[in-house]
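Quick note: the coordinates plus some simple rules give every number you see, no bench work behind them. Worth saying up front: this structure is predicted, and the values here are computed from it rather than measured. Cβ sites come from the backbone with ideal geometry, for glycine too, and all protein chains shown count toward neighbours.
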Amino acid sequence: MMSRSVSPSPDDLLEWQLCSDPAQLSDSRKRVEAFARTCGLSGSACNDLGLCANEALANIMRHAYSGVTDQPIRVTAQRLPDGVKLSIRDWGNGVNPASLPARPKDPTQPGGLGMICLRSLVDVVRFTPQPDGMLLEMQKKKA
Amino acid sequence: MPTINTSSDLIREARQEGSEVFCTIAGEIDLHTSPELRTELLDILQKTAAKNLTLDLSNVPYMDSSAIAVMVEALQRLRKLGGSVALTHLQPRVKGLLEIARLNTIFTIKE
C-alpha cells in the first residue's frame with residue numbers, strides 16, 4: 001500500500017534556513033511579518049512578531065554563535081487557530097537567554113533589551129535547550 | 001550652518017549649529033547596519049566636539065535594540081559634557097520600541 005504524505009499548505013507552515021549573518025536579518029523579519037499577515041494578525045501584531053524574530057535572531061548571531069557569520073539557523077512559522085507560532089532553532093552554545101540576569105534597572109545601561117521585547121510583545125516565549133543548541137518557540141495571538 | 005561630510009548613506013544630512021549637531025538618519029537600522037551608524041555618529045561627535053545632538057528619525061521606519069544601543073552610547077558621551085540627545089519625528093514602530101525599552105523619558109522626544 002502506498003503511503004501518502006500530505007504536506008501542509010505554505011499558507012499554514014513556512015520554513016527556511018539562514019546563516020548567522022546580520023545581513024540576513026531584515027529578510028527573515030519581513031518573511032515573518034508577511035506570514036503573520038496571511039494568518040490574520042493585525043498590523044501592529046505583525047510588527048511585534050517581526051521585531052521579536054529580529055531580536056531573537058540577533059541574539060543568536062551575537063551570543064549563541066559569538067559573531068561567526070556562517071552558522072545555520074532554522075526558522076519555522078506555523079499558523080495556529082488563534083495566531084502564529086514561531087520556532088527558531090540554532091546549533092550554538094546552548095546558553096538559555098532566559099536564565100541570564102535581568103536587564104539593569106537603569107535603562108541607559110546596555111544589555112537585555114532583546115529579551116524585554118520578547119517578554120513584552122509575544123504571548124508565549126519558551127526556550128528549550130537541545131543537546132546541540134537551543135530551540136526558541138514564540139506564539140503571538142490574534143488580538 | 002556648516003554641513004558635515006559623512007561617508008554613510010544612513011546619515012542623509014548632518015550639520016552643525018554652535019554646539020549642536022543635527023543629523024537626518026535614513027533607512028532601517030538593525031544589527032547589520034547599526035555598526036555603521038555607530039561609527040559615523042561617534043565620528044561626528046568627536047570631530048565637531050558637539051554637546052547636543054538632534055536626530056531626525058522621520059526616514060527611519062524600523063529600528064531594533066542594536067540601534068537603540070547606538071543612541072544610548074551617544075547620549076552617555078554627551079551627558080558627560082552636560083549635553084543631551086533629542087529625537088524628532090519618530091515613526092510608530094520606533095516610538096513603540098523606545099517605550100518598551102523605557103527610554104522615551106531618557107531622550108528628549110520632539111514632534
Taking a straight Cα-to-Cα line shorter than 23 Å from A:K142, and setting aside same-chain lysines fewer than 8 residues away, one finds A:K30, A:K85, B:K95
DSSP-defined beta bridges in chain B - what % are antiparallel, rounded to 5: 30
Could you pull out the trypsin sites (Lys or Arg not before Pro) across segment B:61-111 that fall in loop regions by DSSP (anything but H, G, I, E, B) with no more than 11 other Cβ atoms inside 10 Å? B:K80
Let me have the 222 nm mean residue ellipticity of chain A computed from DSSP H runs of 4+ only, each contributing -39500 (n - 2.57), with the sum over all residues rounded to the nearest 500. -9000 deg cm²/dmol
Just counting partner chain Cβ atoms within 10 Å, what average do the residues of peptide B:62-72 show around their Cβ? 5
Within 10 Å of each Cβ in B:28-38, how many Cβ atoms from other chains are there, averaged over the peptide? 4
Starting with the fewest neighbours, write out B:I106, B:I68 ranked by other beta-carbon atoms found within 10 Å of each beta-carbon. B:I106, B:I68
Averaged over the residues of A:26-32, the number of partner chain Cβ atoms within 10 Å of each residue's own Cβ comes to 2
B:S19-B:T105 FRET efficiency (beta carbon distance; Förster radius 30 Å; 0.05 resolution): 0.80
Using a cut-off of 19 Å between alpha-carbon atoms, which lysines can reach B:K80, once sequence neighbours fewer than 8 places away in the same chain are excluded? B:K47, B:K51
Chain lengthening between B:N5 and B:H89 when straightened (0.36 nm per residue, less Cα-Cα): 28.0 nm
Span-like helix ranges in chain A, DSSP H, alpha carbon extent 15 angstrom or more, Kyte mean at least -1.0: A:25-38, A:43-59
One would report the antiparallel percent of DSSP beta bridges in the protein assembly as shown, rounded to the nearest 5, as 70
Can you list residues whose amide H is under 5 Å from A:L13's amide H, if they're 5+ apart or on another chain and H is modeled 1.01 Å from N? A:R79
So what is the 222 nm mean residue ellipticity for chain B from helices alone, if each DSSP H run of at least 4 adds -39500 (n - 2.57) and you divide by all residues, rounding to the nearest 500 deg cm²/dmol? -11000 deg cm²/dmol
Which helices of chain B meet both criteria: a Cα extent of 20 Å or more along the helical axis and a mean Kyte-Doolittle score no lower than 0.0, with helices taken as whole DSSP H segments? B:65-79
Considering only DSSP beta bridges where both residues belong to segment B:9-74, give the percentage that are antiparallel (nearest 5). 45
Quick check on packing: order A:76-84, A:28-36 by the mean number of other C-beta atoms within 10 Å, highest mean leading. A:28-36, A:76-84
